Amino acid sequence: MVDNLKILFRLYRQYTKMDLLWFLRDTRYCLLQIFSDMVCAVCTIAGVFLLSEKFGGFGGMNQGEILFMMGFSTLVDGIYMMFFIGNNTSMISRIIGRGQLDHVMIQPVPLWAELLAQGFSPLSGSSMLVCGIGLTAYAVRRLPLSTTLPWLLLLLIYAVSSTILVLSVMVLLSCAAFYAPAAAEEIAQTGWDLFTSLKTYPLGTMNHSVKRLFLTVLPVGLAAWFPSELLLKAGNGGLSAVLLLQACYLPAAALALSLFTIYVFKKGMKYYAVNGSPRYSGFGHR
């Protein structure tokens, strides 16, 4: 375990240097990407925020609570982008579908370590995270929340759990590219669009059947609305026994889905080991 962690941290240092090198060699293009990510962050939350401004809140949330949910959603996107945006890691169906998985497999490190580390972009991919932290902090100041150390710890746990959940869904969908590389090359982008278009809407006043759907089969509600609801309740009244039981659902769901995703990915790798890839594309390889 210790040796594996050393390998992982060594890879993180390597990709940090590579990200910094890109900034130093092509500063203008790097800054343009950082600025573009910030614009995307604003555009993602603008629709729901303007609706809340118009109607004074909706979906069972007032304007300040919706702003907090927007901040949490952007925070999750920021963690996801900083750790997985590079080298198409966040869109792994492209790597599989284009026959580029061999590029990862020939590296002299374990496959899991390379996949976890090669997307790390602490400089060029951090703009969304900075926006998320700033927006969340601003929303917290506007709300009557008791931001104790346990509450901040719960916020961190939920942000990481939601990120793991989103990543698991993306990788799970991407496993289709093992069996249909050309047709499923961009399936991860479809999954990402599902989250970006739906996860920022409050589900409080929706039909119970629809709400259960978005918290189980299509877990978009677990990426922002559900954790935000629990964090708001915890910040207002503390963690009661019932709330503490509900609080365990998101980390448990993220763990279960990630384990299932690992199982499906290993099955796909066995298929890939026997059949290989019928196509190869140098497009998009970094």
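The values are calculated or read from the model by the stated rules, or taken from the named source; none is laboratory data. Bear in mind the structure is a predicted one, so any value in this text is a computation, not a measurement. As a convention, Cβ positions derive from the backbone with ideal geometry for all residues, glycine included, and neighbour counts pool all protein chains shown. For accessibility, only protein heavy atoms count, side chains too; no ligands or nucleic acids. Shrake-Rupley method; radii C 1.70, N 1.55, O 1.52, S 1.80 Å.
Within the range 1-30, can you find the residues that are within 16 Å of Asn87 (Cα to Cα), out of contact with any helix residue (DSSP H, G or I) (no Cβ under 9 Å at 6 or more places or on another chain) and of a type in the set (Ser, Thr, Tyr)? Give the derivation first.
Narrowing the range 1-30 to residues within 16 Å of Asn87 (Cα to Cα): 11-23, 30.
The next check asks that each one be out of contact with any helix residue (DSSP H, G or I) (no Cβ under 9 Å at 6 or more places or on another chain); those that pass are 13, 16-17, 20-21.
Of everything in the range 1-30, just one residue is within 16 Å of Asn87 (Cα to Cα), out of contact with any helix residue (DSSP H, G or I) (no Cβ under 9 Å at 6 or more places or on another chain) and of a type in the set (Ser, Thr, Tyr), namely Thr16.
Residue-level check: of (1) of a type outside the set (S, T, N, Q); (2) open to solvent by less than 40 Å² (accessible area, probe 1.4 Å); (3) in contact (Cβ under 8 Å) with a residue 24 or more places away in the chain, Ile187 misses just (2).
Within the range 136-154, being open to solvent by 50 Å² or more (accessible area, probe 1.4 Å) and β-branched (Val, Ile, Thr) holds for Thr147, Thr148.
Quick one: which residue in Ala176, Ala184, Ala224, Ala188 is in contact with a Cys (Cβ under 9 Å, 6 or more places away or on another chain) and not β-branched (Val, Ile, Thr)? Talk me through it step by step, then tell me what you get.
Working: Ala176 fails: in contact with a Cys (Cβ under 9 Å, 6 or more places away or on another chain); Ala224 fails: in contact with a Cys (Cβ under 9 Å, 6 or more places away or on another chain); Ala188 fails: in contact with a Cys (Cβ under 9 Å, 6 or more places away or on another chain).
Ala184 is the lone residue from the list that is in contact with a Cys (Cβ under 9 Å, 6 or more places away or on another chain) and not β-branched (Val, Ile, Thr).
The listed residues are Ile95, Ile133, and the only one of them that is surrounded by 21 or more Cβ atoms within 10 Å (Cβ to Cβ) and at pLDDT 90 or above turns out to be Ile95.
So that you can scan it fast, the table gives a plain yes or no per residue for (1) more than 27 Å from Trp112 (Cα to Cα); (2) surrounded by 16 or more Cβ atoms within 10 Å (Cβ to Cβ); (3) out of contact with any strand residue (DSSP E or B) (no Cβ under 6 Å at 6 or more places or on another chain):
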| site | (1), (2), (3) |
| --- | --- |
| Asn4 | no, no, yes |
| Tyr15 | no, yes, yes |
| Leu20 | no, no, yes |
| Tyr29 | yes, no, yes |
| Phe35 | yes, no, yes |
| Val39 | yes, no, yes |
| Val42 | yes, no, yes |
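Do we have any residue at all in the range 141-148 that's at pLDDT below 85 and of a type outside the set (A, V, I, L, M, F, W, C)? Among the residues of the range 141-148, at least one is at pLDDT below 85 and of a type outside the set (A, V, I, L, M, F, W, C), which makes the answer yes. In the range 81-100, which residues are among the β-branched types (Val, Ile, Thr) and assigned to a helix (DSSP H, G or I)? Thr89, Ile92, Ile95, Ile96, listed by residue number. Within the set of pairs 6 or more residues apart or between chains, which connect a residue that is in a helix (DSSP H, G or I) inside the range 256-276 to a residue that is surrounded by 12 or more Cβ atoms within 10 Å (Cβ to Cβ) and of a type outside the set (A, V, I, L, M, F, W, C) with Cβ atoms less than 6 Å apart? Cβ pairs passing all conditions: Leu257/Ser168; Ser258/Ser168; Thr261/Ser168.
Of all the residues in the range 190-199, those that are hydrophobic (A, V, I, L, M, F, W, C) and either in contact with a Lys or Arg (Cβ under 7 Å, 6 or more places away or on another chain) or open to solvent by less than 50 Å² (accessible area, probe 1.4 Å) (or both) number 2.
Of the residues making up the range 24-45, just one is under 17 Å from Ser121 (Cα atoms), in contact (Cβ under 8 Å) with a residue 40 or more places away in the chain and of a type in the set (Val, Ile, Thr), namely Ile34.
Each residue in the range 101-120 was checked for being assigned to a loop (DSSP other than H, G, I, E, B) and open to solvent by 10 Å² or more (accessible area, probe 1.4 Å), and 7 of them qualify.
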